[in-house]
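First up is the structure itself, then whatever we jot down about it.
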Amino acid sequence: RKEVEQDPGPFNVPEGATVAFNCTYSNSASQSFFWYRQDCRKEPKLLMSVYSSGNEDGRFTAQLNRASQYISLLIRDSKLSDSATYLCVLGENSNYQLIWGAGTKLIIKP
Amino acid sequence: ETGVTQTPRHLVMGMTNKKSLKCEQHLGHNAMYWYKQSAKKPLELMFVYNFKEQTENNSVPSRFSPECPNSSHLFLHLHTLQPEDSALYLCASSQEVTGGSAFFGQGTRLTVV
């Protein structure tokens, strides 16, 4: 089983819609969780951290479910500029490695 | 000026060439990383430097040789590469090596012919 699993997509979503995708992880010792976005042929950029209590930043909401070992990202009122690949990332305090998912591709259509 | 700068942005090299990738961070971070990103695969961590000291080498072939002269600069020296080494090479930095968030450079897209 992969350490971090994401649906590769693509998710084709009309502008203005709400979209959500999950990321499952296998290591219950994972301590920190992040969502990054990566635009086509660009570098990954931190979108938001995911806290145990959840995290909301404008149209973006991230949730952590430790019992089921997944994190989620919800995007409301999607914009064309939200089109990107969303990378799920885990960190462990016992070492310095970030464990990366392969990403979920999101395409917002007008 | 961006936080993490990589040069060159694109590189085409033959299998017998020697080239170097350069990374510079202007964020005052203590940790720097080299990652490899191949199409449709997760980022692969190659090397980690913490306060200029290499702390991780993820079984990377010796044809990749990192160098960290100070905490702001990181190099990746390349020699006798293979076509399968063609990928996007990303440099990143973070305040500490504790699994926290990282800031990336724009990457070098490498093609080995």
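A few points about this structure:
- Filtered residues of the range A:4-19 (kept if exposed (fewer than 15 other Cβ atoms within 10 Å of the Cβ) and either within 10 Å of chain B (Cβ to nearest Cβ) or of a type outside the set (Gly, Ala, Ser) (or both)): A:PRO8, A:PRO10, A:ASN12, A:PRO14, A:GLU15, A:THR18
- Matching residues, the range B:79-93, being surrounded by fewer than 21 Cβ atoms within 10 Å (Cβ to Cβ) and more than 14 Å from chain A (Cβ to nearest Cβ): B:HIS79, B:THR80, B:GLN82, B:PRO83, B:GLU84, B:ASP85, B:SER86
- Count of residues meeting criterion [small (Gly, Ala, Ser) and either part of a strand (DSSP E or B) or within 16 Å of A:GLU3 (Cβ to Cβ) (or both)] in the range A:51-64: 1
- Any hit, the range A:80-87, residues being among the aliphatic types (A, V, I, L, M), assigned to a loop (DSSP other than H, G, I, E, B) and either surrounded by 14 or more Cβ atoms within 10 Å (Cβ to Cβ) or free of Cβ contacts under 8 Å to residues at least 24 places away in the same chain (or both): no
- Test: residue in the range A:92-102 that is crowded, with 20+ Cβ neighbours inside 10 Å and touching an Asp or Glu at 6+ places or on another chain (Cβ under 6 Å): yes
- Being surrounded by fewer than 19 Cβ atoms within 10 Å (Cβ to Cβ), over 14 Å from the mean Cα position of the chain (by Cα) and within 14 Å of another protein chain (Cβ to nearest Cβ) is a property that does not hold for B:SER38.
- Every condition in (1) more than 14 Å from chain B (Cβ to nearest Cβ); (2) touching a residue at least 40 places away in the same chain (Cβ under 8 Å) holds for A:TRP100 except the one numbered (1).
- If only residues of the range A:20-50 that are more than 13 Å from chain B (Cβ to nearest Cβ) and either assigned to a loop (DSSP other than H, G, I, E, B) or touching a His at 6+ places or on another chain (Cβ under 9 Å) (or both) are counted, the one that is surrounded by the most Cβ atoms within 10 Å (Cβ to Cβ) is A:SER26.
- Taken together, B:GLU67, B:GLU56, B:GLU24, B:GLU84 contain a single residue that is within 25 Å of A:ARG37 (Cβ to Cβ) and acidic (Asp, Glu), which is B:GLU24.
- Any hit, the range A:94-105, residues being modelled with pLDDT of 95 or more, closer than 16 Å to A:ASP39 by Cα and assigned to a strand (DSSP E or B): yes
- Test: residue in the range A:82-90 that is more than 14 Å from chain B (Cβ to nearest Cβ), at pLDDT 95 or above and more than 12 Å from the chain's Cα centre (by Cα): yes
- Wholly within the range B:1-110, strands (runs of 3 or more DSSP E) carrying at least 2 residues that are among the aromatic types (Phe, Trp, Tyr) and in contact (Cβ under 8 Å) with a residue 40 or more places away in the chain: B:31-37
The values are calculated or read from the model by the stated rules, or taken from the named source; none is laboratory data. Source: prediction; values computed, not measured. Cβ: placed from backbone, ideal geometry, glycine included. Neighbour counts: every protein chain shown.
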